[in-house]
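Below: one structure, written as structure tokens.
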Ligand code: OSB
Ligand code: MG
């Protein structure tokens, strides 16, 4: 394959409800959509998941566009590629900027799957036909509101519930959730809101039979997480701290976590995500697929990745209708009884809805 043309579209999508974490609130999602065309006319799609502000990691929508335009596209355009694994190798001279890299690499994987006449899931080595999904619930204005929401998600069949916490909105919240739902597979996500000074609070969480505590400490830390893990019964799951297989290797070696959240954007693409999956499988570390409030293209990539065998814990890939009034793909992603069926057709298995995409596009540029 040889990439000859790339169209970047900046989309703005209204969310059904704002999503609040310890680092901030997303009211409407803005994202970059990449339409990548190879010399034979095959089109692959990628989604850049960075937010407008650098709260979650340092990347933003604008930095991804800049890195794509000025560095990644000049490396990729008009070069012969045999396999998508080559793309991350081509990008190694560019440090980090993982979400920018992942957006274009995902589109190359899509083209590769289509041209080798297989589903993206199959191309990645995935074999599951159904994947289990959970739901991530943002910080709410009251505990009652949270309990009502969770009741609804449990009724919809979601396989586990993740509750966002932050200092001051943690023990009281989780104790109410646990009292109301004694058997619910439950976890919390702090998005780096705590330090080792908060060890008392974090140890109190051990009392609530949580599946894991996601990213309690700083994004750039694995040393304090190792100290914390030694003093907790509940496994720590790393999210923000993991940007590569090397990060995972070091975290596992130090004992910083018992679970890894893999996000394609955060680790620089599907090839690196697959490598992390394979390493964790060998080390007996369970993994699951995290989410970035993706629109349909990102969701499709998450589903394909989650079909790999060691994604043994439910992921955060909710159905399209959870966040969106209308998603940008057809059919939309449907969750039934907590499962998503992995598409078996060629490519990502969903078709971009061009009319909806055009309607949501606020700017666009074509590169050749
Ligand atoms: O930490 O996993 C996170 C959303 C935005 C930024 C970071 C995170 C999240 C979520 C929601 O938890 C995941 C999703 O439903 O897409
Ligand atoms: Mg997280």
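Every read-out reported here was derived from the displayed coordinates using simple, explicitly stated rules and does not represent laboratory data. These numbers were taken from a predicted model, which means no experiment stands behind them. When we count neighbours, we look across all protein chains shown, and the Cβ atoms used for this are built from the backbone with ideal geometry, even at glycine.
Output the peptides 315-327, 247-259 sorted from most to least packed, where packing is the average of other Cβ atoms within 10 Å over each peptide's residues.
Order by mean packing, descending: 315-327, 247-259.
Note the full-extension length gain between residue 145 and residue 281 as 0.36 nm times their separation in residues minus their Cα-Cα distance, in nm to one decimal.
45.2 nm
For a label point 7 Å from the Cα of residue 14 along Cα→C-beta, name the residues of region 28-66 whose backbone N is under 13 Å from it.
28-29
For residue 312 and residue 183, what is the calculated FRET efficiency with R₀ set at 22 Å and r taken between the beta-carbons, to the nearest 0.05?
For R0 = 22 Å, the calculated efficiency reads 0.70.
Roughly what % of Cα-Cα distances in region 104-161 sit above 17 Å, to the whole percent?
Counting pairs separated by more than 17 Å, the tail of P(r) holds 59 percent.
What are the semi-axes of the equivalent ellipsoid for region 122-348, taken as the square roots of 5 times the Cα gyration tensor eigenvalues, largest first, in whole Å?
After scaling each eigenvalue by five and taking roots: 27, 23, 14 Å.
For region 219-368, list log₁₀ I(q)/I(0) at each q in 0.08 Å⁻¹, using the Debye formula over Cα point scatterers of equal strength and ignoring solvent, two decimals each.
With no solvent term, the Cα-only Debye profile gives -0.27.
Each label point is 7 Å from the Cα along the Cα-to-Cβ direction; what then is the distance between the points at residue 224 and residue 341, in nm?
It works out to 4.7 nm between the two label points.
Assuming R0 = 41 Å, what is the FRET efficiency of residue 354 and residue 95, from their Cβ-Cβ distance, to the nearest 0.05?
The value I calculate is 0.70.
With a cut-off of 8 Å between alpha carbons and a minimum separation of six or more residues, what is the relative contact order of the chain in percent?
Taking the mean separation of contacting Cα pairs over the length of the chain, I get 23 percent.
At what distance in nm do the modelled label points of residue 71 and residue 334 sit from each other, each positioned 7 Å from its Cα along Cα→Cβ?
4.3 nm
Assuming 0.36 nm per residue, please report the length gained on full extension of the stretch residue 116 to residue 198 beyond their Cα-Cα distance. Can you show the working numbers first?
On the way: separation 82, 0.36 × 82 = 29.52 nm, distance 5.15 nm.
Additional length available on full extension: 24.4 nm.
Going out from 0 in 5 Å bins, what whole percent of all Cα-Cα distances in region 84-137 drops into each bin?
4, 16, 21, 17, 17, 15, 8, 2
Between residue 5 and residue 249, what FRET efficiency follows from the Cβ-Cβ distance if R0 is 35 Å, with the result rounded to 0.05?
Result of the calculation: an efficiency of 0.40.
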